[in-house]
Amino acid sequence: MRYPRSRDRDLGSPHLRASECPLRRCERVRRCGLGDLLDWGENGGAAGMERLTLILPAPVEQAVEQSQSQKDPGWIVTVYNNETNTYEEVIMILMLATDCTTDEAYMETWEIDHLGKSVVHRASEAECQRAAEIIATIGIRVEATPDPLS
């Protein structure tokens, strides 16, 4: 896991700096809406968000999948460490893919960084495949597999 750049760099918002704590920044981004606050590299925030928006299902579909996943939690999503993505990127994608809190996403990101991998989601096969596809968009290795404990 790469840590954010240490030098202060304006990211398009008067209240947001690159040196801000990743957990605090992710929470702020989540509260404000994701829009222009994300730094997706060369393509800019808008292009990255368009890509994620196309992947995410509609709210009605999410509700149906969530009710099904509660009945059949036989699959897991495992994310593996790499030296390319920052804490911030991984926290944000976990929040988007698994609808978890900032604190949960931070803990899972810490596990990925320090233990080499982390189980970040348990649900039905379809829900885990969906979450894994979203997480894979940032270039991190991810697997959706049957839960060996169920």
Criterion: in a helix (DSSP H, G or I), farther than 23 Å from TYR87 by Cβ and either at pLDDT 95 or above or of a type in the set (Gly, Ala, Ser) (or both) - qualifying residue of ALA126, ALA105, ALA131: ALA126
Pair list, Cβ < 7 Å and 6+ apart or interchain, from segment 100-125 residues that are more than 19 Å from PRO73 (Cβ to Cβ) and surrounded by 19 or more Cβ atoms within 10 Å (Cβ to Cβ) to residues that are among the small types (Gly, Ala, Ser) and modelled with pLDDT of 95 or more: ILE112/SER118
Residue list for segment 140-149, filter: of a type outside the set (Asp, Glu) and more than 15 Å from THR109 (Cα to Cα): ALA144, THR145, PRO146, PRO148, LEU149
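The values are calculated or read from the model by the stated rules, or taken from the named source; none is laboratory data. Note that the coordinates shown come from a computational prediction; the quantities given were computed from them, not determined experimentally. Note that we place each Cβ from the backbone using ideal geometry, even for glycine, and neighbour counts take in every protein chain shown.
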